[in-house]
Amino acid sequence: MQALWLAMCLGIGQSSQTTPAPLGTVIRDFTLRDHRGAERHLSDWREQKLVAIVFLGVDCPLARLYAGRLNELQAEFAPRGVAIVGINSNQHDSLSDLRRYVQQQQVKFPLLKDSNNAVADLFGATRTPEVFLLDQERKVRYRGRIDDQHSVGIQRAKPERRDLALAMEELLAGKPVRVAETTPSGCYIDRLERQDSHGPVTYHREIAPLLQKHCQVCHRPNQVAPFPLTTFEETIGWAETIEEVVRQRRMPPWGANPAHGHFANDTRLSDQERHLFKEWVTAGCPRGRPEEEPPPPHFPEGWSIPGPDRVLTMPQPFTVPAEGILDYQFIEVDPGFIEDTWIRAAEVRPGNRSVVHHCTIYLKPPGSTALRTQGALGNYCLLAWAPGTLPMNLPEGMAKLVPAGWKLVFVVHYVATGSVQTDQTSVGLVLAERSKVRREVATFLLEDLDLRLAPHQANVRVEKAWVAPADVLLLSLFPHMHYRGRSFRYEAHYPDGRSEILLDVPRYDFNWQSSYVLAEPKRLPRGTRLVASALYDNSRANRANPDPTVEVRIGPQSTDEMFNAYFDWALADQDLTQPLSLGEFAQRFARKLTQPVVLGTFLLAGGVIIYGRRLRRQTRGNLPTASG
């Protein structure tokens, strides 16, 4: 999950004005204390041929991901006279925070605390992680990133260029560093002064309410975000970062173009709200008066849905390795439903939010071997979860059906966070009374099973359509692609010739899997053509592209590609509290036919009937006639 939050790790302000030490600068001796409180000097490593100074932040997702890589470099190069030394210069990171980081990330190299930013200023360091490689004369010979595997919104299976390792190899061989400067990517070092500044915008009066409304659903203790934003002390260290990502509309995460559609789960900030963050940071982040801050919001500690009637959990914990790109995991869970069961609300609860990228729950008919099944009404998908996604909470009188004997399949996408983790995700179900369900909600899937992207191919357009079989109610839209996905759009083409854009996602981001829930169910007349279209970029210009040199086809893994246009819908005039119509009976019968046992029984029965009729005809033909 840390890869998702790399989008939160850029900022501007005093940190961005710091000038890095030029190549060739001699770094004088300095003294800091390590995470245990012991005094350490740069001269402690005087015998080492090279010293790599790496600036790290405790809660920076990128710094967490690279802790393991730095351990590997330490083990690889220490025998050859190279030392790696970590330095934390964030004002908001304490020594106890450093000890926690060392323990959680299993850090094998020294980690020092730069309490007043003096050493960060000496190097001109701005980000975490950021590397300065010193030769034996302690001259800066390389500065920048560790490698290119992880950056904001990008996580490759392995690095294409090991920048720091290559610089070490070249210096040890007596050669100049061929690429001596690279651009680091990560969180800005917190250099903000804590003076009692004044201004028209204060934390307690303006900023805290915005954080409560838009951010704290994730940025609070024990939630998916890598750091909390519930107090002034927690927020001040991230102020510049917050202002930058808010200004660039990367946070709060929301991909929909505001010109089209109205959605119940819209997380966007207004222009005025974004400007408040800028004013606050420009004025030096005034605290204001605590009594002006509204009471903290109430967030449910357990389930967001009403107390679930049934909780289903993965039977065994899954172990997530410290690094690498993982295949999707398919975990089957038996709900034990011996009769048809209606679900009106459902919620996925990751056991370990730091590693669950997203999770989709599918329904699987008895005897089926398919990973995903499409039936008469649509795709048998119960719900999906990603950070910030609302639980499934269907309108009054609507529910999804789990037929008797069907199983649930948890399809989980895990991401590495720099240390070995485990997860055991659950789903909670709120059941509906059959007598109160008027409309059945189904999830339909438009997909391209022949999707193919040639190497280096950009601007590939894919389009699929669905025609409403009757007047229907559209409830939500959920576009899904992988790293080559660039944009996604849903349009309605009505029988009277009108057209309307229902959802436009101009900059699709695989790191944020959003379901767009309509503020009000939208009625689509019979014959309405629902068109989903997407653009793909398999070229090198797409920085998130794992490998632009290969042909990409449809597949379940992140390095494969998908065109999935999900949408939830219901028949507008359906009333299941009344006797079944012929059409509804046919739909129920068609669903039963998706079950191999039922289908086999139906075919066998049909065969017996046909054979019996033929046998009767043949026997009748062989019977003696009256005249005989």
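Look through Ala180, Ala256 and report the one residue that is in the same structural domain as Ala67 (by TED's automatic domain parsing) and either in contact (Cβ under 8 Å) with a residue 40 or more places away in the chain or charged (D, E, K, R) (or both).
Ala180
For segment 489-498, indicate whether the set of residues that are aliphatic (A, V, I, L, M), over 30 Å from Val550 (Cβ atoms) and modelled with pLDDT under 95 is non-empty.
no
Give Pro286, Pro317 a once-over and let me know the one that is out of contact with any Cys (no Cβ under 8 Å at 6 or more places or on another chain), at pLDDT 95 or above and surrounded by 14 or more Cβ atoms within 10 Å (Cβ to Cβ).
Pro317
Suppose we filter segment 238-261 for residues that are of a type in the set (S, T, N, Q) and in contact with a helix residue (DSSP H, G or I) (Cβ under 9 Å, 6 or more places away or on another chain); how many remain?
Result for segment 238-261: 1.
Kindly check whether there is at least one residue in segment 49-57 that is of a type outside the set (Phe, Trp, Tyr) and modelled with pLDDT under 95.
Within segment 49-57, one or more residues are of a type outside the set (Phe, Trp, Tyr) and modelled with pLDDT under 95.
Do we find that Val531 is of a type outside the set (Lys, Arg) and either touching an Asp or Glu at 6+ places or on another chain (Cβ under 8 Å) or within 25 Å of Val224 (Cα to Cα) (or both) in this structure?
Considered against the rule, which asks whether it is of a type outside the set (Lys, Arg) and either touching an Asp or Glu at 6+ places or on another chain (Cβ under 8 Å) or within 25 Å of Val224 (Cα to Cα) (or both), Val531 comes out as yes.
Is it true that Ala63 is of a type outside the set (Val, Ile, Thr), touching a Leu at 6+ places or on another chain (Cβ under 7 Å) and crowded, with 23+ Cβ neighbours inside 10 Å?
The answer is yes for Ala63.
Sort out for me the strands (runs of 3 or more DSSP E) sitting completely within segment 442-560 that have 1 or more residues that are loosely packed, with under 13 Cβ neighbours inside 10 Å and either at negative phi or touching a Ser or Thr at 6+ places or on another chain (Cβ under 8 Å) (or both).
Output list reads 458-467, 499-505, 516-524.
Residue check: is Asp334 more than 30 Å from Ala465 (Cα to Cα) and either under 18 Å from the mean Cα position of the chain (by Cα) or modelled with pLDDT of 90 or more (or both)?
Taking the combined requirement at face value, the residue satisfies it.
Kindly check whether there is at least one residue in segment 141-159 that is among the acidic types (Asp, Glu) and farther than 19 Å from Thr183 by Cα.
Taking every residue of segment 141-159 in turn, none turns out to be among the acidic types (Asp, Glu) and farther than 19 Å from Thr183 by Cα.
From the residues in segment 225-274 that are of a type in the set (Lys, Arg) and not in a loop (DSSP other than H, G, I, E, B), which one is modelled with the lowest pLDDT?
Arg247
Going by the conditions given, is Asn511 at pLDDT below 50 and more than 28 Å from Val402 (Cβ to Cβ)?
no
Between Arg127, Arg143, Arg138, which is buried (at least 23 other Cβ atoms within 10 Å of the Cβ), among the basic types (Lys, Arg) and either more than 17 Å from Gly57 (Cβ to Cβ) or at pLDDT 95 or above (or both)?
Only one candidate qualifies: Arg143.
The values are calculated or read from the model by the stated rules, or taken from the named source; none is laboratory data. What you see is a predicted model, and the numbers here were worked out from it, not measured in a lab. Every residue, glycine as well, gets a Cβ built from its backbone with ideal geometry; the counts of neighbours run over all protein chains shown.
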